[in-house]
Amino acid sequence: MYEKEKGLIDAFIRGTMSRRALIKGLGSMGVSAATAGVLVNLAATRALAADFDWKKHAGTTVKLLLNKHPYTDAMIANLENFKALTGMDVKYDVFPEDVYFDKVTAALSSGSTEYDAFMTGAYMTWTYGPAGWVEDLNAWITDPVKTNPLYAWDDMLPGVKNSCAWNGVPGGALGSADAKQWCIPWGYEQNNLTYNKRVFDAAGMAVPTNLDELVETAAKGKAAMNGGYGVGVRGSRSWATIHPGFLSGYANFDQKDLTVGADGKLAAAMNTDVSKEFHRKWVQMIQDSGAPDWATHTWYQVGTDLGAGKSAMMFDADILGYFMNGPGNAEAGNLAFAPFKANPAAAAPTPNIWIWSLAMSSFSSNKDAAWYFLQWASGPEHALFGAREMDFVNPVRSSVWADGAFRDKLSGKYPGYVEMHDASAPGASIKFTAQPLFFDLTTEWAATLQKMVAKEMPVDEGLDMLAESVNGQLKEAGLG
């Protein structure tokens, strides 16, 4: 690398030069934008190597189990830099999400030593951790010999980082002082509004700011869609129907899934008066303005319908809206983003979140080497590469969200995205109560919601029956 090029790139890495200025400056030297990205990455890798013995495990191979995802794509695109930095080799298997978690469960439950580290959702570690299948990463994070001084653990968004830590006690608060760090947050999803600005503008519709307005706007959106529908939310008989928009709105009214008594016993909390009122409005919104086949809708149907122009808006993952606003979608360029607080009396949005995380298998025979990969993949340098050069949204580091190049990239093509994130991030965390029956109880909640929407049971009666069933299961498991 010539000195003039190196000077420009060093200035960019220090944050004293914008990406636009860097590309322009390197362009005048005959360097293409693609080559510029490679050179920036190389310079960041060299800077990283100056303060830590990254070569300690040179010659070691670690194997990863990965979900097919843009986060995985970003990691693979940057993997040669990790290999050059450490002298290590990395092997990996990638599976689509419809079979991925079965692959993880099979590997862990059998005690397989094949994989050293893997992608996981934070919720899954509520099973993996107490079972002894994954390592508490606090032992590595706090070890100055094993963790490079630039890792900046405190740079992680607090609500996201804490949501990946649990003490293993049913009902124990996430991120408590005695919590075990079962996984490292890698990228996460907030749940807010993505709306079709073309449709909204043509119909003279305002972006809703609370639940009542959402119900009204969904009805207006349906009327404006000429055969489409007003709002996309998930509806399949799965725990995944409860955790995105539904729980984000529910939690904004200070409602809980479970309560934890002074004796540590758990009890159902979804049949309070406030909860019943929330459910009534949610059910009405789906009945009047939701997808005709709502009960089959997963992440994929909610997103593709919005991208295809079949719905006016969705209350779901912000990154889903991000991808639907990209190439290959009929409404690409027409989607916009807004923070959403269902409760008009709330101070700010409080989105429930999904976190794609990285965990270390307890059965790995290369744990220290695996940690080198984990800290690199979740470190600030790789996060910045993924955010600037790839589709790594949402990053989990405050420093990346403060990066001007990344913010400019988002603001240029995803109107309102940065503002939506900034307004919601302080209140973003996992709102569920950590406990071993999570998937079963939450799936039953989704099934009850389906029956309400289908008018097979009244909301009040349905929630009372759900609470009774949940309490029975908690007591049978010794939790209630």
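The values are calculated or read from the model by the stated rules, or taken from the named source; none is laboratory data. Just so it is clear, the model here is predicted, and its values are computed rather than measured. Glycine also receives a Cβ, built like all others from the backbone with ideal geometry; neighbour counts cover every protein chain displayed. What goes into the accessible areas is simple: the full protein's heavy atoms, side chains included, and nothing from ligands, DNA or RNA. Shrake-Rupley method; radii C 1.70, N 1.55, O 1.52, S 1.80 Å.
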**OP:** Looking only at region 86-95, decide whether some residue is within 21 Å of the chain's Cα centre (by Cα) and at pLDDT 95 or above.
**Re:** yes
Original post:
If you go through region 320-332 one residue at a time, do you hit one that is among the charged types (D, E, K, R) and open to solvent by less than 40 Å² (accessible area, probe 1.4 Å)?
Top reply: yes
Subject >> Any hit, region 161-183, residues being farther than 29 Å from LEU258 by Cα, assigned to a loop (DSSP other than H, G, I, E, B) and not acidic (Asp, Glu) >> reply: no
**OP:** Identify, by number, the condition in (1) open to solvent by 10 Å² or more (accessible area, probe 1.4 Å); (2) touching a helix residue (DSSP H, G or I) at 6+ places or on another chain (Cβ under 8 Å) that GLY235 doesn't meet.
**Re:** (1)
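Quick grid of which residues meet (1) within 21 Å of HIS297 (Cβ to Cβ); (2) modelled with pLDDT of 95 or more; (3) among the aromatic types (Phe, Trp, Tyr); (4) surrounded by 20 or more Cβ atoms within 10 Å (Cβ to Cβ):
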residue	(1), (2), (3), (4)
PRO415	no, yes, no, no
VAL418	no, yes, no, no
HIS421	no, yes, no, yes
GLY427	no, yes, no, yes
PRO436	no, yes, no, no
THR442	yes, yes, no, yes
TRP445	yes, yes, yes, yes
LEU449	yes, yes, no, yes
MET457	yes, yes, no, no
Original post:
Looking only at residues in region 392-413 that are closer than 27 Å to ALA179 by Cβ and without any contact (Cβ under 8 Å) to a residue 24 or more places away in the chain, which one is least open to solvent (accessible area, probe 1.4 Å)?
Top reply: VAL400
**OP:** May I ask you to say which residue of ASP98, ASP155 is open to solvent by 20 Å² or more (accessible area, probe 1.4 Å), at negative phi, in contact (Cβ under 8 Å) with a residue 60 or more places away in the chain and among the charged types (D, E, K, R)?
**Re:** ASP155
Subject >> Residue that is open to solvent by 10 Å² or more (accessible area, probe 1.4 Å), over 30 Å from ALA402 (Cβ atoms) and in contact (Cβ under 8 Å) with a residue 60 or more places away in the chain, where the choices are GLY172, GLY168 >> reply: GLY172
Subject >> Residue list for region 345-355, restricted to those being buried (at least 22 other Cβ atoms within 10 Å of the Cβ) and in contact with a helix residue (DSSP H, G or I) (Cβ under 6 Å, 6 or more places away or on another chain) >> reply: PRO349, THR350, PRO351, ASN352, ILE355
Original post:
Got a number for residues in region 239-280 being among the small types (Gly, Ala, Ser) and in contact with a Ser or Thr (Cβ under 6 Å, 6 or more places away or on another chain)?
Top reply: 3
Original post:
Taking region 194-209 only, how many residues are open to solvent by 20 Å² or more (accessible area, probe 1.4 Å), in contact (Cβ under 8 Å) with a residue 12 or more places away in the chain and not hydroxyl-bearing (Ser, Thr, Tyr)?
Top reply: 6
**OP:** Write out, first by first residue and then by second, each pair whose Cβ atoms fall under 6 Å of each other, whose residues are 6+ apart or on separate chains, and whose first residue, in region 348-368, is farther than 23 Å from GLY159 by Cβ and in contact (Cβ under 8 Å) with a residue 24 or more places away in the chain while the second is crowded, with 20+ Cβ neighbours inside 10 Å and small (Gly, Ala, Ser).
**Re:** SER364/ALA370
Original post:
Of the residues ALA58, ALA122, which single one is in contact with a Ser or Thr (Cβ under 7 Å, 6 or more places away or on another chain), among the small types (Gly, Ala, Ser) and open to solvent by less than 10 Å² (accessible area, probe 1.4 Å)?
Top reply: ALA122
Subject >> Subset of region 274-283 that is open to solvent by 30 Å² or more (accessible area, probe 1.4 Å) and touching a residue at least 24 places away in the same chain (Cβ under 8 Å) - its residue that is farthest from ALA454 (Cα to Cα) >> reply: LYS281
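Condition check: of a type in the set (A, V, I, L, M, F, W, C), closer than 29 Å to PRO426 by Cβ, assigned to a loop (DSSP other than H, G, I, E, B) and within 23 Å of the chain's Cα centre (by Cα). Does LEU150 satisfy that?
Considered against the rule, which asks whether it is of a type in the set (A, V, I, L, M, F, W, C), closer than 29 Å to PRO426 by Cβ, assigned to a loop (DSSP other than H, G, I, E, B) and within 23 Å of the chain's Cα centre (by Cα), LEU150 comes out as no.
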Original post:
Looking at (1) farther than 22 Å from LEU65 by Cβ; (2) among the β-branched types (Val, Ile, Thr); (3) surrounded by 15 or more Cβ atoms within 10 Å (Cβ to Cβ), which is the only condition THR142 fails?
Top reply: (3)
Original post:
Quick check: is even one residue across region 255-273 surrounded by fewer than 22 Cβ atoms within 10 Å (Cβ to Cβ), part of a strand (DSSP E or B) and of a type in the set (Ser, Thr, Tyr)?
Top reply: yes
